[in-house]
1. Tell me the label-point distance for the pair residue 148, residue 214, using the 7 Å Cα-to-Cβ offset, in nm and rounded to one decimal.
2. Give, rounded to the nearest 20 debye, the magnitude of the charge dipole that region 145-256 has about its Cα centre when Lys and Arg contribute +1 at Cβ and Asp and Glu contribute -1 at Cβ.
3. Using Cα centres only, tell me the gap between region 387-442 and region 183-235 in whole Å.
4. For the chain, what is the calculated [θ] at 222 nm in deg cm²/dmol (nearest 500), taking -39500 (n - 2.57) for each run of four or more DSSP H residues and dividing by its residue count?
5. Can you figure out the FRET efficiency of residue 414 with residue 485, using R₀ = 35 Å and their beta-carbon distance, to the nearest 0.05?
6. Which residue, 24, 371, 317, has the largest displacement toward the positive end of the dipole of the chain when charges sit on each Cβ (Lys, Arg +1; Asp, Glu -1)?
7. Hey, if you put +1 on the Cβ of every Lys and Arg and -1 on every Asp and Glu Cβ in the chain, which of 345, 114, 205 ends up farthest toward the positive end of that dipole?
8. How many angstrom lie between the Cα centre of region 453-489 and the Cα centre of region 39-69?
Amino acid sequence: MKKISLLLLAGLSLNAYAQKTASVTLSNDTKDSISRHIYGQFAEHLGHCIYGGFWVDKSLPVPKQNRIRLDIVEALKKIKIPNLRWPGGCFADEYHWRDGIGPSLKRPKMVNTNWGGVVEDNSFGTHEFLELCGLLGTEPYVSANVGSGTVSEMSKWVEYLNFDGASPLTRERAANGHTKPYNVKFWGVGNESWGCGGNMTPEYYANEYKRYATYARDYPTAKLRRIASGANAKDYNWTEVLMRDVGPGRMWGLSLHYYTLPTNNWNNKGPATGFGEKEYFNTMKNCLFMEELVQKHSAIMDKYDPKKRVALVVDEWGIWTNVEPGTNPGFLYQQNSLRDALIAGTTLNIFNNHCDRVRMAELAQTVNVLQALILTDKEKMLLTPTYYIFDMYKVHQDAKYLSFKLNTPDYEMDGEKIPAVNVSASRDKAGKVHVTLVNLDARNNIEVSAELKDIVWKAVSGQVLTSAKVDDINTFTKPYTITPKAFNGAKRDGNKLVVNLPAKSVVALELN
Ligand code: AHR
């Protein structure tokens, strides 16, 4: 008995000794804003993102407008998604927009060669997408077909959507139910043109971009924000050539795609659940690589565009795991765990911290595909841990960015180290300061002591997202295992804010 209590005491004091600490100094200087468009989403004709996700069978017993699922719309409205990218992805470079307008039953069918070889009936097309955006109160971001399309096809799509005068195309738009222009601003000129979008060299694509971008016209009610297809992860040469050969005058944004893999193997990415701490650690290391990517691509952009006119648009990001056993490998359906929430919190912190250059981003993908916000099973629907991160972080949208200095302990595994804590902070229009903190360490709480220079505050409140295990998930039978809870671990100590950040957690604080 005595021995046990001594051991317990030793354990307790060891724990006390092991208390890890971090410190942050937050300053009140606010030069840049965090664009709300960093919080964008992506919806491709892939698996059950559109069909069986947003767009369901008439017979499905859920609230609908047309065939758009309204429970999904309501959930997404709550987190204020600022833009929605569509129709792809790789699908975009095989998509011909005219196949998706006019009477539904007369629309031609096509094979979705990229994703499972299923037959696409084109019942969800341009008007349905814009109806969805209208319901969501979000801005459409349309990706045009460069790989297998034509300059004229893109040019006419822009006219069909944005011209306010009388032309054969606008008469057709009116006949299809929309007299007024839609004024779609965000246009992607191709997707992954180095790969599924045509396997082009950057030099060839730069020329193609200029042809397509020239004839994608600005109409009086819609000045376009043209986004060039950007690099695959660390292909810095792609960014270099695009910046050199196209340059700031001709593009609003240049994209970047990067997916976090649990393993480093595209043929066996690792499971979405049932992984150990080592795989978790490796995933987080790969997630943090986004910081290096953003820094290095930005440095190249700075060389050609010191005034930062061109936005770095990370229009595909998120974790990519093996598909759930028994599901169509071409549908990219994966579960979403606490690990995914930590990835979302960390990545959004990185984007916020680079908001001078990263002014738009889209998580891949909104419903039922890759790192989804929402999963559905027929009429059932659940909100994933990632969804809740977007809910907790929405306070940063269009807020003034607050810079900081961070000292964080490392999270170590088998001789490797990653920074355990990451942070971002902003001040909203009402003057409230929001700080979002992530502790990646799966075992240790970390006490963060924050010095708030020139920031006047009286009270702190917050929310925390965590769970017992990093691979905990929400399921259709237990949909609320991981949801944000009130956070009581932050207190004032003199002029300092002291936060006891639980292991493997995301905390969002509001200072009043
Ligand atoms: O998001 C899934 C796919 O990943 C997209 O279609 C493509 O652009 C990327 O390779």
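1. Rounded to a tenth, the inter-label distance reads 2.7 nm.
2. 400
3. Here the answer is 32 Å between Cα centres.
4. Calculated from helices alone, the mean residue ellipticity at 222 nm is -8500 deg cm²/dmol.
5. With a Förster radius of 35 Å, E is 0.65.
6. Of the candidates, 24 comes out farthest on the positive side.
7. Of the options given, the answer is 345.
8. Here the answer is 29 Å between Cα centres.
Throughout, read-outs are computed from the coordinates displayed, never taken from laboratory work. All figures in this text were calculated on a predicted structure; none of them were measured in a lab. FYI the Cβ positions are ideal-geometry reconstructions off the backbone, even for glycines, and counts take in every protein chain you see.
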